[in-house]
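These notes concern the structure reproduced below.
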Amino acid sequence: MSRTVGVNPGQALRSDDRELFLEYAIRLTKNRLKAVDLMRSVLVFMVFVAGYLTVFVLLDQVLKGGLGDLPARCLLGLFATGAAAMLAYRVFWPLVRRINDLYAARLIEKANPEIKNSLIASLQLKGHKDLSSAVLSAIKAKAVEKVSEVNVDSAVDIAGIGKLAAILGTVLAVFIGWMVLSNKSVWTSMARAV
């Protein structure tokens, strides 16, 4: 779903409304960034789990006599440690961290070069007492005009999600292929993996 944060260009907005409009565009970008980051992290975790299960099952069934108890426990320990670290660093930490407004503004401007630094300038100059209100109002008006014409959802890159989904699909295809072609029970190996 793409969203253009629209404002009628001929419509005159009060200074407070301009401020709210720019805050809304920034908030949309920050929320999208968190959602995409969470989706990416969940996909990385799923690839990790599917990869572990696939490697464990393949090793357990290809090696003569299967994986011994000690190697199986070592692999499970490495997997559990890696999974806990990944969940903490890639899933939970991004959920609680704060995304800076200037970073979100930079993403919007990078994806839409026609904005030409007006959004960042309006954010940085917002608290300056020595700047006349007319100048700040003009900068905000220009930022509102430019931001209202662009799709703020395009500021967040989602290309990595498709690649991760393809990797997950490949790992699952290998697992399912082995499951179909193997003459041994995959379920027995999976039970040992966990």
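The values are calculated or read from the model by the stated rules, or taken from the named source; none is laboratory data. In this text, all values refer to a predicted model and were calculated from it rather than measured experimentally. Quick reminder, even Gly has a Cβ in these numbers, built from the backbone with ideal geometry, and neighbours come from all protein chains shown. Quick note on the areas: whole protein, heavy atoms, side chains included, nothing else; ligands and nucleic acids left out. Shrake-Rupley method; radii C 1.70, N 1.55, O 1.52, S 1.80 Å.
Is there a residue being farther than 30 Å from L28 by Cβ, touching a helix residue (DSSP H, G or I) at 6+ places or on another chain (Cβ under 6 Å), polar (S, T, N, Q) and surrounded by 18 or more Cβ atoms within 10 Å (Cβ to Cβ) anywhere in the range 185-192?
yes
For residues that are part of a loop (DSSP other than H, G, I, E, B) and surrounded by 12 or more Cβ atoms within 10 Å (Cβ to Cβ), scanning just the range 5-35, find the one that is modelled with the lowest pLDDT.
Among them, the one singled out is V7.
Does the range 147-157 include one or more residues that are in a loop (DSSP other than H, G, I, E, B), touching an Asp or Glu at 6+ places or on another chain (Cβ under 9 Å), under 28 Å from L58 (Cα atoms) and modelled with pLDDT of 80 or more?
No: the range 147-157 contains no residue that is in a loop (DSSP other than H, G, I, E, B), touching an Asp or Glu at 6+ places or on another chain (Cβ under 9 Å), under 28 Å from L58 (Cα atoms) and modelled with pLDDT of 80 or more.
Among (1) closer than 30 Å to K34 by Cβ; (2) part of a helix (DSSP H, G or I), where does T188 come up short?
The number of the failed condition is (1).
Anything in the range 140-152 that is crowded, with 18+ Cβ neighbours inside 10 Å and either within 15 Å of L107 (Cβ to Cβ) or touching a strand residue (DSSP E or B) at 6+ places or on another chain (Cβ under 6 Å) (or both)? List them, or say none.
Those that are crowded, with 18+ Cβ neighbours inside 10 Å and either within 15 Å of L107 (Cβ to Cβ) or touching a strand residue (DSSP E or B) at 6+ places or on another chain (Cβ under 6 Å) (or both): A143, K146, V147, V150, V152.
Go through I167, I161, I176 for me and flag whichever is under 30 Å from F21 (Cβ atoms), at pLDDT 85 or above and not hydroxyl-bearing (S, T, Y).
Selected residue: I161, the only one of I167, I161, I176 that is under 30 Å from F21 (Cβ atoms), at pLDDT 85 or above and not hydroxyl-bearing (S, T, Y).
Can you give me the number of residues within the range 52-91 that are surrounded by 17 or more Cβ atoms within 10 Å (Cβ to Cβ) and either part of a helix (DSSP H, G or I) or among the hydroxyl-bearing types (S, T, Y) (or both)?
Adding up the residues that qualify gives 11.
Among the residues of the range 104-139, count how many are in a helix (DSSP H, G or I), open to solvent by 70 Å² or more (accessible area, probe 1.4 Å) and either farther than 17 Å from E19 by Cα or basic (K, R) (or both).
Of the residues in that region, 4 qualify.
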